[in-house]
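The block underneath contains the structure these notes are about, expressed in structure tokens.
The values are calculated or read from the model by the stated rules, or taken from the named source; none is laboratory data. As the structure is a prediction and not an experimental result, all values here were calculated from the model. Neighbour counts run over all protein chains shown; Cβ positions are idealised from the backbone, glycine included.
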Amino acid sequence: MTQLKHNVIANYVGSIWIALMALVFIPLYIHFMGIEAYGLVGFFSTLLSVFALLDMGLSSTLNRELARLTSKPGSEHQMQNLVRTLGFIYWAMAGFIVVIVIALSAYLSQRWVRAENLSPGTIQQAVILMGIAIGLQWPVGFYSGGLMGLQRQVLLNAVNVVMATVRGIGAILILWLISPTIQAFFCWQIVASGLQTLLLGGALWRSLPVGRKKAVFKFSILKDVWRFAAGMLGISILATLLTQTDKILLSRMLPLKMFGYYSLAGVVAMSLYRLIGPIFNGVYPRLTQLVTVNDQASLKALYHYSCQVMSVMILPAAMVLAFFSKSILLLWTQNPVTAEQTYVLVSLLVIGTALNGLMSMPYALQLAHGWTKLGFYVNLVSVIVLVPLIFFMTRHFGAIGAAFVWVILNCGYVLINIQLMHRRLLPDETLRWYCQDVGIPMLCSVLTAGIGRLLMPDAMPQVVLIIYIAGVSILSLFLTAWVVPATRRWMLQRFYKKEVSCES
């Protein structure tokens, strides 16, 4: 458990730091380049998500297999061969991505992106640079999955913290001192992506146990892992359709400036994954180990504990962001127009992302058992029903309609997917998940943030507004932690330890 705590803490430190980097640098990117050029940065993020399909489930497979093999003595050479084999495929895909993006650059710049101030030539140059940056960034996910499976997450986050700082500061210096253009921005992304991949690749190979033989590519490894990898590929394809269709359609249907606002709202909403990812990445390898040794009692306890901690970490933050979105955006960007255009989108996307985050630990439990069929079929049904809905809502209601579909999608997951999962895994635990793990902390967070918003005066100085929102956030976090058994027990233990220490 000590290693698990260290990993979760390291994940949070890394995620919070990376979020702070975005908080500081994104307004500066918009200041130097303009909102339309920042729309291309959002398009870059969309391309990264779309090309995640070519991962083919390999990074998740590497994570699970390394976590499983660490519980089996004498598997050192097998682990090295696994990394060598899957890594070869991954690098081949990286090269393929670069070729595809460059080949499509003319079409994307002339027929897809709708710009008012940027010329097609400028956009094409930016897209070509995007392709190279994506290719060099691509193996980061693979190496990160390996380090997470080995539970070397402290090392992983150390590298990511350093690179997030270097990436952000370097971009600002180049935009400020050399050229405030989108081309200069992506040139630096190429350098930073290559360096991050090099560091993480070296860290993974140094973290693997030393084997007696040299690592080699083996087709037999692909035969052993293909079922899980294929299941993850299917889930990834459908999840990408569900999460990126709105962005793909909006990048085509809306002016680049408006897409820039939607991208900004997406960045704010996706910042919640900085709170979700650390728990998932820390707990998932441990769940896999408990499944491997068939320790059902510990598995059940860790599952509910992690679900409750997840609720405490994301629900108070999400509700404060949703209720105070306009004020927070104005404080952050110092731009009333940007805040006015973006705050409704932020509120909707944040609510959907919070619901999605609540499903992350049940999803980790499914993957720990190697069960990918449920996620695949649920996502398949969702695509059939919701992709046409995304198109309809985007066409008739624009960005707000697309954001609302994200809420509908994740409400469906919470209401349906949990019940289907607990019929097979940890039966009779459905009611406990809905009430104790999620329902009570959600009600507490909504009431605290909602009442705080109703009581907020119409006009306040910025310093007072910051203090007020911070106070509501702290109160919401404290009350939500208190109504959840896992965190209330932790708080009481800390209180009584301090009390004993004072008396002694």
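Kindly provide the set of residues from segment 423-436 that are in a helix (DSSP H, G or I) and free of Cβ contacts under 8 Å to residues at least 40 places away in the same chain, ordered by number.
Step one: filter segment 423-436 for residues in a helix (DSSP H, G or I), giving 430-436.
If the condition is that a residue be in a helix (DSSP H, G or I) and free of Cβ contacts under 8 Å to residues at least 40 places away in the same chain, then Thr430, Leu431, Tyr434, Cys435 are the ones that fit.
Return the residue satisfying two criteria in turn: it lies in segment 360-417 and is under 30 Å from Leu290 (Cα atoms) and hydroxyl-bearing (Ser, Thr, Tyr), and of such residues it is farthest from the chain's Cα centre (by Cα). Can you show your working first?
Step one: list which residues in segment 360-417 are under 30 Å from Leu290 (Cα atoms), which gives 360-380, 410-417.
Still in the running and hydroxyl-bearing (Ser, Thr, Tyr): 360, 363, 372, 377, 413.
Numbers: Ser360: 11, Tyr363: 14, Thr372: 19, Tyr377: 22, Tyr413: 17 Å.
Top of the filtered list is Tyr377.
Between Gly95, Gly146, the distinction of being crowded, with 17+ Cβ neighbours inside 10 Å, closer than 30 Å to Ala67 by Cα and not charged (D, E, K, R) belongs to Gly146 only. Looking at the structure I just gave you, is Ala239 within 19 Å of the chain's Cα centre (by Cα), modelled with pLDDT of 70 or more and either among the small types (Gly, Ala, Ser) or farther than 30 Å from Thr342 by Cα (or both)? Yes.
Condition check ((1) buried (at least 16 other Cβ atoms within 10 Å of the Cβ); (2) under 26 Å from the mean Cα position of the chain (by Cα); (3) hydrophobic (A, V, I, L, M, F, W, C); (4) at pLDDT below 90) across all residues:
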residue	(1), (2), (3), (4)
Val101	yes, yes, yes, yes
Gly135	yes, yes, no, yes
Val140	yes, yes, yes, yes
Leu150	yes, yes, yes, yes
Gln153	yes, yes, no, yes
Ile169	no, yes, yes, no
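Checked against the criteria, Val378 does not count as surrounded by 13 or more Cβ atoms within 10 Å (Cβ to Cβ), modelled with pLDDT of 85 or more and in contact with a helix residue (DSSP H, G or I) (Cβ under 9 Å, 6 or more places away or on another chain).
Condition first: within 20 Å of Leu195 (Cβ to Cβ), of a type outside the set (Gly, Ala, Ser), assigned by TED's automatic domain parsing to the domain that holds Leu48 and buried (at least 19 other Cβ atoms within 10 Å of the Cβ). Can you find one or more residues in segment 106-122 that meet it?
no
Among residues belonging to segment 47-76 that are at pLDDT 75 or above and under 29 Å from Trp332 (Cα atoms), point out the one that is surrounded by the most Cβ atoms within 10 Å (Cβ to Cβ). Ranking the qualifying residues of segment 47-76, first place goes to Leu47.
Taken over segment 353-363, residues that are surrounded by 22 or more Cβ atoms within 10 Å (Cβ to Cβ) and small (Gly, Ala, Ser) amount to 2.
Select, from Thr372, Thr342, the only residue that is touching a residue at least 60 places away in the same chain (Cβ under 8 Å) and farther than 24 Å from Leu426 by Cα. Working first, answer last.
Working: Thr372 fails: farther than 24 Å from Leu426 by Cα.
Within the list Thr372, Thr342, the selection yields Thr342.
On the basis of being under 15 Å from Leu4 (Cβ atoms) and either in the same structural domain as Thr70 (by TED's automatic domain parsing) or not small (Gly, Ala, Ser) (or both), does Tyr273 make the cut? Here the answer is no, as Tyr273 does not meet what is asked.
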